[in-house]
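Remarks on the structure that follows.
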């Protein structure tokens, strides 16, 4: 959500949700170049008199665009989209509301960091065979009131079959038994030569941010499956961690 020297111009965006990105000034980078299509990032939008800051969503196109998805604050003291007329700058900057703030005693003052919960779990079974049907390995309950989830994990697989096979590990957000969304960890190819076993490992992370606090009943589940019906594919270990930022 943060990158160096990201700035573009836009013209008369009004109070529109979506604004046109008209290119980066010299020695600056555009949002699509820095973050890619459909990415979320911090933004600040200013005409030199008033300023708005928040979380935006980047869209590649002709021209590229930015959604003012969540307004965190503005110079009017509200969380509404301001109305801008004329030329404006839009740039990537971390709002003060999203920075850690320490008191004179070193204690964290801002509620965002006081209200963090960390959870972790792991699975290990050297002989646990997996196939094309997705299997749940680790599940962590999301605390009620969570506004953002940072999650990640790693896994190790082995294959004693002569066929090269892909194994996909994924993090899935569920409410009860209903899938809400999923984020891939990594797809690995595991094969062998002359009957010798081969092992592979991978890791990855995900970031979910929500418009409001989640109710109770959500959980993140780490799942895995193979891409082909072959024997001898084992998931040896799955490690999972999750950081939840709760409502202030």
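Can you run the Rg to Rh ratio on the stretch 7-96? Use alpha carbon positions and the Kirkwood inverse-distance Rh.
Details: Rg = 11.7 Å, Rh = 12.7 Å.
On the Cα set of the stretch 7-96, Rg over Rh gives 0.92.
Cα extents of the stretch 11-64 along the three principal axes, largest first, in whole Å?
Rounded to whole Å, the extents work out to 29, 25, 20 Å.
Can you compute the FRET efficiency between residue 125 and residue 228 using 1/(1 + (r/R0)^6), with r the Cβ-Cβ distance and R0 = 25 Å? Round to the nearest 0.05.
With R0 = 25 Å, the Cβ-Cβ based efficiency is 0.75.
On a C-alpha basis, how far is the centre of the stretch 229-245 from the centre of the stretch 58-75 in Å? Whole number, if you could?
36 Å
Roughly what would the spin-label model give for residue 72 and residue 210, points 7 Å off Cα along C-beta, in nm?
Taking the two extended label points, one gets 2.0 nm.
Report the extension gain between residue 27 and residue 236 in nm, rounded to one decimal, defined as 0.36 nm multiplied by the number of residues separating them, less their alpha carbon distance. Numbers along the way, then the final one.
Values: separation 209, 0.36 × 209 = 75.24 nm, distance 4.81 nm.
Extra length available between residue 27 and residue 236 comes to 70.4 nm.
Alpha carbons only, please: Rg and Dmax for the stretch 204-248, in angstrom.
Rg, Dmax (Cα atoms, Å): 15.8, 49.
Can you give the Rg and Dmax of the stretch 1-42 based on its C-alpha atoms, in angstrom?
Here Rg and the maximum Cα pair distance are 10.6, 28 Å.
Could you rank the peptides 142-152, 78-88 by their average count of other C-beta atoms within 10 Å per residue, with the highest value first?
Working: 142-152: 19.3, 78-88: 14.6.
My ranking of the peptides, most packed first, is 142-152, 78-88.
A short reminder: the numbers here are calculations on the coordinates, not readings from a lab. Computed from a predicted model, the values in this text were never measured in an experiment. Using ideal geometry, Cβ is built from the backbone for each residue, glycine included, and neighbour counts are taken over all protein chains shown.
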